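Novice: Quick one: the structure is below, questions incoming.
Nothing in this text is a laboratory measurement; each read-out follows from the coordinates by a stated rule. These numbers were taken from a predicted model, which means no experiment stands behind them. Cβ sites come from the backbone with ideal geometry, for glycine too, and all protein chains shown count toward neighbours.
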Amino acid sequence: MNMRSLKVKDQILRAANEIFQAKGLHGSRMQEIADLAEVNKSLIHYYFKNKQTLYEMVFNNVFYIVAPQIDDIINDESTIEDKIRRFSSNYFAFKQKHPHLSNFVIHELNENGDFFDSLKTHPKFPNIEKFKIQVEREIRAGILIPINPEQLFIHILSLNIFPCMAEPFIRGLTNSDPNTYKSILKTRKTEVADFIINSIKRK
C-alpha cells in the first residue's frame, strides 16, 4: 500500500472513530464518516468493504486501549489493596484523557454481544482468575474479610465506572454544575478506593 493510500485509510479510521464513539454502530452512517474524512464514500467501501468491517476495526483499536490496562493491574504482583488503589487512580486519569472511550466500549458490548465473544480470544483480554486466587489467599492470611472475589471485582468496576457513565443523572440529583462534578470525580479516585478497602480489610 503506497503512502497516499495509507493516508486516506488513516483519515477514514480517524473519522470513523469519532463518529462511532459519538453515535455507535447503529446510529452512524457511512456518508457521515466519508464527509468527516473528506473522501468519497466509495473509497470507504474499497478499503473496508462495509460498515461492520470498519466498525470492528475501530472497536478493536479502542477496546485494546482499555482492556490491557485492566489486565495489567489485576494480574501484577501487588497486593489487593494496591490493585484497588491503582485501578481507581488509573481509571479516572484514563477518563480524563479519553472521556468517551469507556462509555463507548460498554455501550457497544451491550449492543453487540456476539462480537464481544470474538474479543475474548485476545491475549490481553482481562482474566480475573489470578485475582480470584489472590483474594482467597489474602482471606486465608487474615488480611481480608471473607468476600466473594467475583463480587469484589464487580464492586471495583462499578464504583469507578458508574459515576462517569451516569454523569447527567448524578449531576441532576446532586445539583452539580460541570466544574463541580469534575471536582467530585477528581476526589473520587481516592474516595472509592478507601471505601472498598475499608469495607474488605480485616480490622
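Novice: How would you rank Met30, Met3, going from fewest to most other Cβ atoms within 10 Å of each one's own Cβ? Write out the running numbers ahead of the final one.
Specialist: Working: Met30 18, Met3 7.
Ascending number of Cβ neighbours within 10 Å: Met3, Met30.
Novice: Additional query: Taking 32 Å as the cut-off for C-alpha to C-alpha distance, list the pairs among Lys97/Lys120; Lys51/Lys189; Lys95/Lys201; Lys9/Lys120; Lys9/Lys182; Lys51/Lys83 that go past it. Before the final figure, lay out each step's value.
Specialist: Details: Lys97/Lys120 25 Å; Lys51/Lys189 37 Å; Lys95/Lys201 28 Å; Lys9/Lys120 27 Å; Lys9/Lys182 36 Å; Lys51/Lys83 38 Å.
Over 32 Å Cα-Cα: Lys51/Lys189; Lys9/Lys182; Lys51/Lys83.
Novice: With runs of 4+ DSSP H residues as the only contributors, calculate the mean residue ellipticity of the chain at 222 nm using -39,500 (n - 2.57) per run, divided by the residue total and rounded to the nearest 500. Intermediate results must be reported in sequence, preceding the final value.
Specialist: Numbers: 11 runs with 161 residues, N = 203.
Taken over the chain, the calculation gives -26000 deg cm²/dmol.
Novice: Round to the nearest 0.05 the FRET efficiency obtained for Ser176 and Lys41 when R0 = 41 Å and r is the Cβ-Cβ distance.
Specialist: Numbers: r = 42 Å, r/R0 = 1.03.
My answer for the efficiency is 0.45.
Novice: Check cross-link reach from Lys130 to the aspartates and glutamates: straight Cα distance under 19 Å, and skip same-chain residues fewer than eight apart.
Specialist: Asp71, Asp72, Asp76, Glu77, Glu81, Asp82, Glu138, Glu150
Novice: Now a separate question. Under 9 Å from the Cβ of Leu36, count the other residues' Cβ atoms, weight Lys and Arg +1, Asp and Glu -1, and hand me the total.
Specialist: Taking every Cβ under 9 Å from that of Leu36, the sum is -3.
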